[in-house]
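One structure is given here, and the rest of the page talks about it.
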Amino acid sequence: MSRSPSFSVRSEADLKVDEKSLYQWVVGFCIIRFDLEQGQLIEECYPSGCLTHNEELEVAFSSFPDSVSQNHNRSSIHDCIFFFRVRRQGNPQLAHLPSSEIVEVGNDQASQMTASDKVLKQRSKIQTGVNSRYLYGFVFNRQRHDERLKRGGEQKSVVILSHNPFSSVFRPLLQIMGPLYFDIGKKALNFIASYVSMWPVPVPGQLMELPIGNATLKVNLPPAHCMPLDCGVLFEELASPIAPFLPSSQSVPQGLFHDADLFGTFRGLLMQLWKLWELLLIGEPILIIAPTPPLCCEAVAGLVSLVAPLLCSIDFRPYFTIHDPDFAQLNSLPQGAAFPPMILGVTNLFFLKSLRRIPHILSVGNPVMNAARLPFSARASTGRIQAGPEGFSLPNFSFNRFTPSNFLNAMKLRRDGPLCLMTEHKEAFWSSYAPITKPDTSILNRLIDAGMSPRVEESMSVVNNDILRRHFIELTTNFLAPFGPYYRPTTPSEGSSPYVDPPPLPAFNAEDFLTSLSARGPGKFLLKRMKSNWLDLYRRFLKGHNFLPWFQRKRAVAEQEQYRMWRQARMRADIRHLISSMSELEIVDTFNAIERHLIGELQACAVLNLWCQFHFLLFGYS
């Protein structure tokens, strides 16, 4: 979405910014200039004090294309949009609050709680953006080349900072805000801030209409079940239904970064998507090399979206630079130490040497415009894709007809390794991982070749993205299906007392689960698409970093839903009818249970009141 000529802003007299409402969406806006002598300088930061000094430095360094990135555009004006994710260095919003107001429940206490007690504690631990560990920066960067200027040009970036990874919101907002700033200057910050502060509270998983000037952004927010654990999702929102088995509309998001161009980004590496899906599933570290920050971000976002509706719990950095504080730790890992599970998107080729121990390296984006179309022009004469050798993980080999030159090129890529990118950028994937899931050539054969027309290609990419995303949602959903019984809530049976504590969810034991699954199988859908050692993928998933956070959240949501259903049953129960058939001892037990539930409700009200006071201190309203 580009800024329409009819876009207009209100007069200064009408400008009113509610910073508390603004904070629901945006932490702040920054204007950053690249100074040839002093480096990156923050010219404006609104509202003031929203970042610590260290955060300002990190945001500034992350808001410009790398000085040694592989693509240099020499046009007079070059605009690009990308985003980054950095770790928060300390939160100014919490500085004035005493530590006693932030309460956590220890594991030893949690183990002694009943199911109802756990739900009440979970409801009291509602998170807000102020507790976020990460900050997302959405950047509109403008490079202006002018031989009259020192070093022939200048760079400036307009940055939107948020606790939420709402790329579907902030990308189109930047397409308005970026050009507006370069038209009218820093007044644009107040204009945009006033509009954003009038937006309703973000509701995950919903279509939202967000007015901006005389325009309206209609965007779908990602659902609550896939939001990172620290993004301020209300616990009650997590109880919303899981993503449908097959989405009825491609515009409805099923996970994070649903708007990522999966097909366009990985067009030359489509056969590798199933291996990448497995690596994301089990939480393996991946380094992504791209010529430009936008391509880099799109690749990372596309990979994160590949495992929807699974909660992606590993760290991901859409645009990572050597100035990130985490780089020093990654660069100094002791010999033999495993690389932490994370997805790093980079443009600086220095990372190929400094992070050479990362086990999986993916190179995306092709400087040659037509190179991305090769896989489709290399189909067999029947127009069908011929499946390549199993486990052969070199780029494009499976798409092309077998020829001695193709084979030699593939072997040369494997022999040279990722360092060959230092001399020439090419799309490739280096990994020794042997995938279990076989590429689904029937899905690839449904993809539409747009030919050479950019206009047709854009519309066909939408169709192709929908085909790919539906398939991987179905693949992930089927893979997670065997865990269903462990987070399935129960309802009171007819005629039984709803005042007793609901039964606990089935206990989970990894070895028992694998033994049971081995006996009954994963289902026809997966058996057709996986090799005979499919159980190894479940074993790796259980040991990986994505399983436990996802499973714990699913169990917590199931307990919440079970609590809600039993609470409704108690409210609808006819107590006189129930006790008419009870013995005296059962009546006493029922009375004690009712008393315990009433005390629990009163405690929940007290906790809610405490939360409202805490919320008022932060945001100024309850």
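The values are calculated or read from the model by the stated rules, or taken from the named source; none is laboratory data. No experiment lies behind these values; they were computed from the predicted model shown. We place every Cβ from the backbone using ideal geometry, glycine too, and count neighbours over all the protein chains shown. Keep in mind that these areas ignore ligands, DNA and RNA; they rest on the heavy atoms of the full protein, side chains included. Shrake-Rupley method; radii C 1.70, N 1.55, O 1.52, S 1.80 Å.
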Next item on the list: Check the stretch 559-572 and report whether any residue there is under 30 Å from residue 479 (Cβ atoms), at pLDDT 75 or above, open to solvent by 60 Å² or more (accessible area, probe 1.4 Å) and not in a helix (DSSP H, G or I).
Entry: no
Next item on the list: Quick one: which residue in 614, 591 is open to solvent by 80 Å² or more (accessible area, probe 1.4 Å), farther than 30 Å from residue 482 by Cβ and modelled with pLDDT under 75?
Entry: 591
Next item on the list: Any residue in the stretch 76-98 that's open to solvent by less than 50 Å² (accessible area, probe 1.4 Å): show its pairings with residues that are at pLDDT below 80 at Cβ separation under 7 Å, as long as the two are six or more apart or on different chains.
Entry: 88/132; 91/130; 94/130; 97/617
Notebook entry, point to check: Only one residue in 548, 578, 514, 505 is under 28 Å from residue 276 (Cβ atoms) and surrounded by 14 or more Cβ atoms within 10 Å (Cβ to Cβ), so which one is that?
Noted result: 514
Margin query: Cβ-Cβ distance below 6 Å, separation of 6 or more or different chains: which pairs start in the stretch 551-566 with a residue that is free of Cβ contacts under 8 Å to residues at least 60 places away in the same chain and more than 22 Å from residue 310 (Cβ to Cβ) and end on one that is β-branched (Val, Ile, Thr) and open to solvent by less than 40 Å² (accessible area, probe 1.4 Å)?
Written below: none
Check: Given the structure, is residue 303 buried (at least 22 other Cβ atoms within 10 Å of the Cβ), of a type outside the set (Val, Ile, Thr) and without any contact (Cβ under 8 Å) to a residue 60 or more places away in the chain?
Finding: yes
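Listed here are the residues, each with its yes/no results for (1) touching a Leu at 6+ places or on another chain (Cβ under 6 Å); (2) modelled with pLDDT of 95 or more; (3) surrounded by 15 or more Cβ atoms within 10 Å (Cβ to Cβ).
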position	(1), (2), (3)
320	yes, yes, yes
324	no, no, yes
329	no, no, no
336	no, no, no
339	no, no, yes
348	no, no, yes
351	no, no, yes
Item checked: Residue within the stretch 504-527 that is modelled with pLDDT under 95, in contact with a Gly (Cβ under 7 Å, 6 or more places away or on another chain) and under 24 Å from residue 433 (Cβ atoms) present -> yes
Check: For residues in the stretch 451-492 being of a type in the set (Gly, Ala, Ser) and modelled with pLDDT of 85 or more, which is most open to solvent (accessible area, probe 1.4 Å)?
Finding: 481
Next item on the list: Scan the stretch 280-300 residue by residue and report those that are open to solvent by 10 Å² or more (accessible area, probe 1.4 Å), farther than 21 Å from residue 143 by Cβ and among the aliphatic types (A, V, I, L, M).
Entry: 282
Next item on the list: Would you be able to tell me the number of residues in the stretch 202-211 that are more than 20 Å from the chain's Cα centre (by Cα) and either surrounded by 15 or more Cβ atoms within 10 Å (Cβ to Cβ) or farther than 15 Å from residue 173 by Cβ (or both)?
Entry: 1
Next item on the list: Consider only pairs whose beta carbons are under 7 Å apart and that are at least six residues apart or on different chains; among these, list those whose first residue lies in the stretch 512-526 and is closer than 15 Å to residue 475 by Cα and whose second residue is open to solvent by less than 20 Å² (accessible area, probe 1.4 Å).
Entry: 522/482; 526/479
